[in-house]
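The values are calculated or read from the model by the stated rules, or taken from the named source; none is laboratory data. Just so we're clear, the structure is a prediction, and the values are computed from it rather than from any experiment. Counting neighbours? That spans all protein chains shown, and the Cβs are built from the backbone with ideal geometry, glycine included. Remember, those area values only see protein heavy atoms, side chains included, never the ligands or the DNA or RNA. Shrake-Rupley method; radii C 1.70, N 1.55, O 1.52, S 1.80 Å.
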Amino acid sequence: MSFAVLRRFALRLGLLCAAAGLAGPERARAEDDRAAPLVVVELFTSQGCSACPPADALLGDLAERGDVLALSLHVDYWDYLGWRDVFAHPMFTKRQKAYREAAGARSIYTPQMIVHGASALVGSRRDDVLAEIAQAHAAPAPAQVELMREGDRIEVRVAPTGTAAPAAIAWYVTYRTPAPVVIKRGENAGRALIYRNVVDGWMKLGAWDGQGTIVWTPPAPAQEGGVAVILQAGQGYGPILAAARLQD
């Protein structure tokens, strides 16, 4: 039996056991959590960064929440330290630099979390991250994203919610949870690191004018994993207006 099949079975069993033990207010809170709009958390991380594993673990905890879309984006600028990050891609370094430019910051670093496209902070500072997520949840969403799948066809629908919405870019994201990685060289040599929701695809669907309804039909990914759409203001590096996901 494959790792992916075992993991899905364990998750389903865990969900069934958890549901059986929930009652009254606890069950209501769990259902509210699943129904809440998604807050997007992007972690810029690297296998060559000794400060990153605590942030990777925090992202793993956030990935269990129904109201958070937690994404791990591996950058490549630490690869020179002696270990090439097997998940790193230059496009994620480019995205982090675009956030830096949008914020007028001087530098980029790992581990860095961007909460809902608006707040940048050290990715291992749990209390600060949780506070930013709560603040993002409290803000009204000016748009909604619907994401549906039928066989090999995916439909993405974006529409305003009634409040004023800025123009935005829609991103199509695919991600997966890989097997643990044993790091053989560099700052984390000898460690077996666990990652959740590692992004392996990031594509621009198109632009939205902030007013009418628009529909896209991107191809379904060939491999197992999660699919998400992120609607982000401006040129795609500003505040996130809405997000949706499909997950196996």
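Observations
- Rg over Rh, two decimals, the chain (C-alpha only, Kirkwood Rh): 0.96
- Of all accessible heavy-atom area on the range 166-224, the percent that carbon and sulfur account for (1.4 Å): 54
- For the range 179-189, 3J(HN,Hα) per residue [Karplus equation, 6.51 cos²θ - 1.76 cosθ + 1.60, θ = phi - 60°, Hz, x = Gly/Pro]: 5, x, 10, 8, 8, 9, 9, x, 5, 9, 3
- Fraction of accessible area attributable to carbon and sulfur, the range 72-159 (%, probe 1.4 Å): 49
- Each peptide in 119-125, 68-74 was scored by the mean count of other Cβ atoms within 10 Å over its residues; highest first, the order is 68-74, 119-125.
- Three-way shape label, the range 126-232, alpha-carbon gyration tensor, a/c 1.5: oblate
- The packing ranking, built from the mean of other Cβ atoms within 10 Å per residue, places the peptides 36-43, 136-143, 229-236 in the order 36-43, 229-236, 136-143, highest first.
- A Cβ-based charge dipole, computed about the Cα centre of the range 99-248 with Lys and Arg at +1 and Asp and Glu at -1, lands at about 500 debye.
- Accessible area per residue, Å², the range 131-203 with all protein chains present, probe 1.4 Å: 51
- Separation of the Ala139 and Ser107 label points, Cα + 7 Å toward Cβ, nm: 2.7
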